1. In vacuum, with every alpha carbon of the chain counted as one equal point scatterer, what does the Debye formula give for log10 I(q)/I(0) at q = 0.06 Å⁻¹? Two decimals, please.
2. Using 7 Å Cα-to-Cβ label points, what is the LEU343/GLU76 separation (nm, one decimal)?
3. If I compute solvent accessible area with a 1.4 Å probe over the protein chains, what percent of it on the range 1-89 is carbon and sulfur?
4. Given the options PHE268, THR251, TYR287, identify the residue whose Cα lies farthest towards the positive end of the charge dipole of the range 246-306 (+1 on Cβ of Lys, Arg; -1 on Cβ of Asp, Glu).
5. Roughly to the nearest percent, how much of the accessible area of the range 267-328 is carbon and sulfur, given a 1.4 Å probe?
6. Any chance you could list the semi-axes, whole Å, largest first, of the equivalent ellipsoid that the Cα gyration tensor gives for the range 313-423, using √(5λ)?
7. Taking the Cα of GLU387, stepping 7 Å toward and past its beta carbon, and measuring to each backbone N in the range 342-366: which are under 16 Å?
8. List the residues whose amide H sits under 5 Å from the amide H of ILE302, counting only those 5 or more places along or on another chain, with H placed 1.01 Å from N in the peptide plane.
Amino acid sequence: MSGQVQSVRGMNDVLAEDMPYWQKLEGAARELFAAYGYQEVRVPLVEHTELFKRSIGEFTDIVEKEMYTFTDRGGESLTLRPEITAVLVRAAISNGMLHNQRHRLWTAGPAFRYERPQKGRYRQFHQIDCEAFGYEGPDVDAEMILLSARLWKTLGVERVALQVNSLGTPESRRAYRGLLVSYLESRRGQLDEDSRRRLAGNPMRILDSKNPAMREVIDAAPRITDHLDPASRGHFEGLCAHLDACGVAYTVNPRLVRGLDYYTRTVFEWTTDALGAQDAVCSGGRYDGLVAQLGGQPTPAIGWALGLERVTELLRVSGAPAEGLPPDVYVVLAGARAEAAGLALAEQWRDALPGRRVVVHLGGGSLKSQLKRADRSGAALAVILGEDEVAGGRAAIKPLRSDAPQQDCAWPEVPAKIGTMLS
Ligand code: ATP
Ligand code: MG
């Protein structure tokens, strides 16, 4: 077999020109999590299939048709994680972190869903994910939303809006579900095929339908916010009061149900009008029952996940251009003797200039072509080693971003000279 090896559909390479956006987002998130007292953890990409079936729910799109599931060589059914919340719950249980303890955690990395690839929707995508265990809220619900709001502020992202809702407890939801099903049965003729299929398994997901033809039926449906149990109502009012006090704008959307079964009480979603159809950039909610459902000590919990592809795209379309860090110094090595001495000299200069970015030209070429590359690299200075310089133990330092004159000095003085010329 020959020919070009193809990439897997829906799985992307993130190339150097995109990285500044990724790093800007990841860097801002990392700093904010530290500032709010969230600790970073790393968890596997692969889990027992059962974890996702038992958490996300059998009748969800993810479990029904989107999981990358395979049997390993030992005969076990494993799945590439389609989301990270369930994995962090499993990790907290497996590591005995939930006995009268509280944790605020975050992690980042890829997730996998066999969806139809399109702009903003991929089969391997990346999430930043945070979860809090052991807090009953609604203070933590508010804090998590505040953290995400501050992330937008830090990044200069403006075209995002927050929707919140409460799904109540499993009991109040069951009662509401009954009402919803009888309503939807009465309008069966107006339901699309997808919705008719969901009517039996997961009727609340019908509220989430993106089919415009379903709009009218959905708008007239009973609202979950009118059927909350008193404790959930109080919790939701508490959250709204915190958000009001902190000046975070939001809309209550009684049709926001989210695609996973484990949510209880608070759910929320940040959407944008800047990216077209795939408009959800960060979503989350409370899942007070999930830890116990997966065999852990009953523990209230809440979390959110943000889609890196969508948010970096948002940075690209709405923010200032993010640029990578250009070198401080580009070392030009003209001739065999310069090439022989260059790597060792650059190491000495790096030792003397910690934190400075010193890039060495590799692969030879004329002085002219190397200077062209030095210029294209964006470096502030070129340090030039030619035959004459090497013979005399000297280097020429040329400012590339100003008309200041080139300077010449002995090798031991190069770091100090670079330091002055850069400052
Ligand atoms: P959507 O409504 O767009 O399908 P979702 O509700 O399935 O999103 P979550 O499971 O809540 O998404 O995941 C959290 C975030 O991850 C989303 O807000 C979105 O930014 C991102 N995301 C989800 N699925 C994908 C995907 N297939 N490709 C890229 N990003 C995704
Ligand atoms: Mg989805």
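The values are calculated or read from the model by the stated rules, or taken from the named source; none is laboratory data. Nothing here was measured: the structure is a model prediction, and the numbers come from that model. Quick reminder, even Gly has a Cβ in these numbers, built from the backbone with ideal geometry, and neighbours come from all protein chains shown. These area figures cover heavy atoms from the full protein model, side chains too; ligands, DNA and RNA do not enter into them. Shrake-Rupley method; radii C 1.70, N 1.55, O 1.52, S 1.80 Å.
1. The computed values of log10 I(q)/I(0) come out as -0.37.
2. Here the modelled spin labels are 4.3 nm apart.
3. Numbers: 2700 of 5320 Å².
Whole-percent figure for carbon plus sulfur exposure: 51.
4. TYR287
5. Here carbon and sulfur together make up 51 percent of the probe-accessible area.
6. Semi-axis lengths for the range 313-423 are 27, 16, 13 Å.
7. Label zone hits: 365-366.
8. Amide H neighbours of ILE302: ALA132, TYR287.
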